[in-house]
Structure formats: structure tokens, C-alpha cells
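Q: First the structure, which I've put down as C-alpha cells, then a few questions once you've had a look.
Values in this text are rule-based calculations from the coordinates and carry no lab data. Bear in mind that the values here come from a model prediction, so they are computed numbers and not experimental data. Note: ideal-geometry Cβ built from the backbone for every residue, glycine included; neighbour counts use all protein chains shown.
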Amino acid sequence: MTIEEFYTTLTSNGFDTHYGEAPNGTSCPYVVLTNITHTNFATDNRTYFKTTELRLRLVESQYHDWELINKLEDLLDSLKIPYGSTDLQVPSENICETYYDITITGGKTNA
């Protein structure tokens with residue numbers, strides 16, 4: 001799966017999705033994808049297995065919407081994308097965030 005395909009899948013499932021950073025004035029909830037690294041397996045001057053490590057950030061206003069979190073995690077599960085998550089409360093900005101570290105395997109790795 002490419003980053004573009006993953007982006008399209010998120011948006012087609014109702015998530016307001018941005019790559020890199022959300023524009024100023026974007027209202028919660030929204031998702032931001034950030035490309036961390038490509039940890040491809042290569043040997044003999046050839047890449048045999050491609051992977052892309054992404055950080056997916058779900059930004060919500062003030063409190064977690066557990067139905068939305070479950071919807072996102074169910075989507076990741078259905079795509080067979082493993083993830084780990086970290087929650088962060090930002091009271092000064094009236095938002096809460098959930099960071100998902102995910103790895104996408106196969107396909108092109110360019111965004």
C-alpha cells in the first residue's frame with residue numbers, strides 16, 4: 001500500500017486527512033500523516049522489500065471521542081496495519097491527540 005492509497009482510504013472513510021501538517025483554521029477532529037522513514041530491505045544494489053514508517057496523529061477537541069478512535073483503529077485492523085499509540089492532552093490548546101506509529105509494507109514508498 002502506498003501513502004497515497006492510505007490517505008485515500010482514510011478520507012473515503014470520513015476522516016479529514018492531511019499530509020505533513022493541517023492548514024491553519026482546520027477544525028477538529030482531523031488526521032495528520034507524517035512520513036518518518038523508509039526502512040527498506042536492500043542488497044546487491046536492489047531494494048527487495050519496501051516499508052514506510054508513518055506517524056498518524058488524530059487531533060480532537062478537548063476530550064477523546066472513543067467512537068472515532070475505535071473507528072480509526074478498526075480501519076487500521078481491517079487493513080492489517082499494526083500500530084502502537086500514545087495519548088497526549090494539551091489543555092492550553094483545548095485539544096487532545098492520539099499518536100499512532102504505523103508501518104506500511106509493499107508498493108511504492110514515495111508520497
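Q: Of Leu75, Leu58, Leu88, which has the largest mean-square fluctuation in a 10 Å C-alpha GNM of the chain?
A: Leu88
Q: What's the local net charge at Gln62, with K and R +1, D and E -1, over the other residues with C-beta under 12 Å away?
A: Taking every other residue near Gln62 into account, the sum is -4.
Q: What is the extension gain from Thr34 to Ser12, computed as 0.36 nm multiplied by their sequence separation minus the C-alpha to C-alpha distance, in nm to one decimal?
A: Working: separation 22, 0.36 × 22 = 7.92 nm, distance 1.88 nm.
Stretched fully, the Thr34-Ser12 segment lengthens by 6.0 nm.
Q: Using unit Cβ charges (K, R positive; D, E negative) and no other charged atoms, how large, in debye to the nearest 20, is the dipole of segment 3-105 about its Cα centre?
A: With only Lys, Arg, Asp and Glu charged at Cβ, the dipole is about 360 debye.
Q: Could I ask something else about it? Find me the longest stretch of the chain that has none of the exposed trypsin sites (Lys or Arg not before Pro), where exposed means in a DSSP loop (not H, G, I, E or B) with at most 12 other Cβ atoms within 10 Å.
A: My reading of the result: 1-79 is the longest stretch.
Q: Count the net charge of all other residues whose Cβ sits under 14 Å from the Cβ of Glu97, scoring Lys and Arg as +1 and Asp and Glu as -1.
A: On the way: positive: Arg55, Arg57; negative: Glu21, Glu60, Asp65, Asp87, Glu93, Asp101.
Result for the local shell: -4.
Q: Could you identify which residue out of Thr52, Thr17, Thr43 has the top mean-square fluctuation in a GNM of the chain using Cα springs shorter than 10 Å?
A: Greatest mean-square fluctuation among the candidates belongs to Thr43.
Q: May I pose another question? Can you tell which of Asn24, Asn94, Asn35 shows the greatest fluctuation in a Gaussian network model of the chain with Cα springs below 10 Å?
A: Maximum fluctuation in the GNM of the chain, among the listed residues, is at Asn24.
Q: Once both axes come from the Cα atoms, what is the angle between helix 66-78 and the longest principal axis of the chain, in degrees from 0 to 90, rounded to 10?
A: Roughly 10 degrees between the two axes.
Q: In deg cm²/dmol, rounded to 500, what helix-only [θ] at 222 nm does the chain give when every DSSP H run of at least 4 residues adds -39500 (n - 2.57) and the total is split over its residues?
A: Numbers: 2 runs with 23 residues, N = 111.
Calculated from helices alone, the mean residue ellipticity at 222 nm is -6500 deg cm²/dmol.
Q: Moving on. Using only the alpha-carbon atoms, how far is helix 3-12 inclined from the longest principal axis of the chain? Give it as 0 to 90 degrees, nearest 10.
A: The two axes meet at around 30 degrees.
Q: Pull out the extension gain between Thr26 and Asp87, defined as 0.36 nm times the separation in residues minus the alpha carbon to alpha carbon distance; nm, one decimal.
A: The span from Thr26 to Asp87 would gain 19.9 nm if fully extended.
Q: How much of the DSSP beta bridge set in segment 1-57 is antiparallel, as a percent to the nearest 5?
A: Values: 8 of 11 bridges.
Approximately 75 percent, going by the DSSP bridge assignments.
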